[in-house]
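A short worksheet on the structure shown next.
Readers should treat all values here as calculations from the given coordinates under stated rules, not as data from a laboratory. Just so it is clear, the structure is predicted and the values come from calculations on it, not from any experiment. So basically every Cβ, Gly included, is an ideal-geometry build from the backbone, and we count neighbours across all protein chains shown.
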Amino acid sequence: MHEDNAGFPHQIDHIISRKHGGSSGIGNLAYACILCNRYKGTDIASIDHSGRPIRLFDPRRDSWDEHFKLDGPIIQPLTPVGEVTARMLRLNAAERVIERRLFQALGSYRKV
């Protein structure tokens, strides 16, 4: 979601948290909406359905289109990285889908 539609200013997220040895250099920072930043916290990975650890999406090295597809208001994960990221960040929680649908209807939702 673009910051103009977020209701709150976006926050700076450490892709790999300082707790895990990440730096505060530009290559490890990303702009994140407050909800995504809160849900991610200091996590750098999650467990997939088979119990394997899978890293989270890294906006500095990953292509959104490789890992996700927008299907109406739903963000469809295309890869294991997309799956764990969508789950961890609750990208398709009911309230977020409703919000996305509204912004799409208003013509103000765009992928950033």
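Observations
- Label-to-label distance, nm, for residues given as Glu66 and Ile34 (7 Å Cα→Cβ offset): 3.3
- Compared with the dominant principal axis of the Cα atoms in the chain, helix 94-105 is inclined by about 50°.
- Placing unit charges on the Cβ atoms of the charged side chains and taking the dipole of the chain about its Cα centre, the candidate lying farthest along the positive direction among Asn92, His67, Gly51 is Gly51.
- Cα pair distances of the chain binned at 10 Å [whole percent]: 14, 45, 34, 7, 0
- Amide H contacts under 5 Å for Ala45: Leu56, restricted to partners 5 or more places along the chain or on a different chain, H placed in the peptide plane at 1.01 Å from N.
- The mean sequence separation of alpha-carbon pairs under 8 Å and at least six residues apart, normalised by the residue count of the chain, gives a relative contact order of 24 percent.
- Stretchable slack from Ser108 to Ile74, in nm (0.36 nm times residue separation minus alpha-carbon distance): 10.7 nm
- Within the chain: Cβ-based charge dipole about Cα centre, in debye rounded to nearest 20 (Lys, Arg +1; Asp, Glu -1): 200
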